[in-house]
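The values are calculated or read from the model by the stated rules, or taken from the named source; none is laboratory data. This structure is a prediction, so every number in the text was calculated from the model and none was measured. Cβ atoms come from the backbone with ideal geometry, glycine included; neighbour counts cover every protein chain shown.
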Amino acid sequence: MRILIVNGYGKSETGKQQFERYCGQIRKVNLLQYKQLFLNQKELLDTETEFFSRDANDLDEFLYDQDSGYSKQEAANQFNFIDFVFIEIDANLRPWSKHLKKVMVLIRMCLRTNKVLLATAGAMQALVFFVATNLETPVEVVNGPQGGPLGDMSKLQKSLDQITRNEYFLDSITGDLYGIYFDKIESANCWIPIANCGIHSRRAVEEFNTVGKYMLQAPVYKPQKIKEIYGLYTSTQDEEICMIKKNFVQNYLFKDVKQEFLVHSKHAWDIHSFNVLNPKKTFVILADSSKGPQVITVNENIVGLQFDINPKYPETQSILRNFIIHYLIQIRSCVNKPLTIQQANNDLRKNKLDLENMTKQQAESQQKGERTVFNFEVLTKFKHVGFTGKKAKKLEIVMNNAINDQGQLQEAMKTMRQKQSPRTKQSTEETDLEKSKFAKFSTKLNHEHRDTTEKFNKTAAEIRQMLHPNIDEQLLPENEPLWVPGTMNTSMLASTGQRIRQRPQSTTQSRTFKLTRVQTAKSRVSKGTTKEDYDLCREHPIVRCSSPYITNLEKDRLDQKQKDKQIIGPRSIRTSVVSTIKGGTPFILYDNPYSNPADFKHRDENKTRWVGGQNFRVC
């Protein structure tokens, strides 16, 4: 068994001490648990354990990434033989720092191959960075390792022409990465947002409250507990209370670990929520604190811890022990076996080719759709400007109503279905088979098992006798069967040799548009002429109504009675006096005789009643 331990600390004495302490804990736990697991069994497989402890700059013998310039086959084999990878990085280092270039390549290789990896402290932020950005190439930040506000973009010393594709501008408040937009001529024009790195500076967020308040973790309601004498509390700024989520209390990492425990984390950058770009690269949060996630899992074999392993905090050591025990059993039973780096690179190339093929097919289908639309426009339209066509006058496009667009679309869809790929044909056949499994229901009447005696078979004369028993037989129509829709089938009547008598039905077109016949000259002439049918009607009148004959005067009287019944309230009766004029024509005077408005006197002629008793003076 081979175990690789990577030192992400600097060359200072404190960094060396922390790394030696970290290596000692891993060796101690591995040796003890490895012996207990395998010595208790009768089978002894690979009892030797090799530890490789390397600095961040001494990883060339394990790196194989052609995009980053590492293409040695021996390094690929060395990486494939490793079973465990432990990486601990200083919390003050960012994933894009130059000191961690080789470490980032190693983490990218572990993500591709699903290698067993435990990333602690700053290494967890590197995992989140890869998941958030989905970048496969190294990243260089132009505005310093700590980034800066977006307003510093105009203060850059480099011009746009000097910036390469791998160089980005980092907004420390939101964590957005801005890159240069290159047009077809490969000339740099402007900055555009590329991705979000998934982490932000805590200090920058607290200073700039405009946008930074959206980066902070939203408060979560938690029920109040009974106050205990020996409760958890933080004594320094580097300590945090880590809380396990209820869904993952029984996870293998938290065996013999309390639901809330203290951890030591010196990180100045926190993890925030972001949109995942690649669905194959996601992580699950197992435990968090008031500042953000603390324990995550990526894929199946990769675990990230935001805090470092410290003997002063025993829960962190138990998490390390649980991780090693779990994956020792997994490796021994060959469960979740990681891929080789060669297989992972081949799969990555295939995914890129599949993505390119999908984009090509989408572009081709879009072009086909545009061609079909253009063809329909050509078929259903023609250019016409009348009889005064000139070069200066533009042509007016007129719709050709003689061609049905819908029918052409249906025919084109049929031809496109015939030319479809075998995969789509197979899928359509499978759907047809699934549909054929269900029973088919029809709304048609079933005439096979019906009794003929129950069918309605009455003539028009019989029906009229039923309605009018005292009618004369001379007034009855001929003995022709009347077809009632829905009761008798036309084919059955045709087989008996009977003629169908049916009223003409109005079509939907005539009902909606109220179409009428156009009167022609022949129809106008035929209106004035008499026909034989009219003469027959005069000789033998046909009674079309069973009610007695009523004259027009009687009809008017009945209508007046009905109108009088509708009057509500007392009726007003007026008397009138008939007077005659000199001309001899009488006129009616209601209540008072007629008076001409021109003869009306607007003032009193008695001067004694006037104001002042004298005439008016004109000034």
Members of the stretch 255-292 that are free of Cβ contacts under 8 Å to residues at least 40 places away in the same chain and either loosely packed, with under 13 Cβ neighbours inside 10 Å or farther than 18 Å from PRO314 by Cβ (or both): GLN259, SER273, PRO279, LYS280, VAL284
When you scan the stretch 46-101, how many residues do you find that are closer than 30 Å to ASN346 by Cβ and in a loop (DSSP other than H, G, I, E, B)? 18
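A quick yes/no check of all residues on (1) under 28 Å from the mean Cα position of the chain (by Cα); (2) modelled with pLDDT of 90 or more; (3) hydrophobic (A, V, I, L, M, F, W, C):
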{"position": "GLN250", "(1), (2), (3)": "no, yes, no"}
{"position": "LYS255", "(1), (2), (3)": "no, yes, no"}
{"position": "LEU262", "(1), (2), (3)": "no, yes, yes"}
{"position": "HIS272", "(1), (2), (3)": "yes, no, no"}
{"position": "ASN278", "(1), (2), (3)": "yes, no, no"}
{"position": "LYS281", "(1), (2), (3)": "yes, no, no"}
{"position": "ILE285", "(1), (2), (3)": "yes, yes, yes"}
{"position": "ASP288", "(1), (2), (3)": "no, yes, no"}
{"position": "GLY292", "(1), (2), (3)": "no, no, no"}
What tally of residues in the stretch 305-330 results from selecting those that are buried (at least 19 other Cβ atoms within 10 Å of the Cβ) and under 16 Å from ILE82 (Cα atoms)? 3
Pairing a residue in the stretch 1-29 that is within 22 Å of ASN92 (Cβ to Cβ) with any residue that is part of a loop (DSSP other than H, G, I, E, B) and of a type in the set (Gly, Ala, Ser), where Cβ atoms lie under 8 Å and the two sit 6 or more apart in sequence or on different chains, gives VAL6/ALA56; ASN7/ALA56; GLY8/ALA56
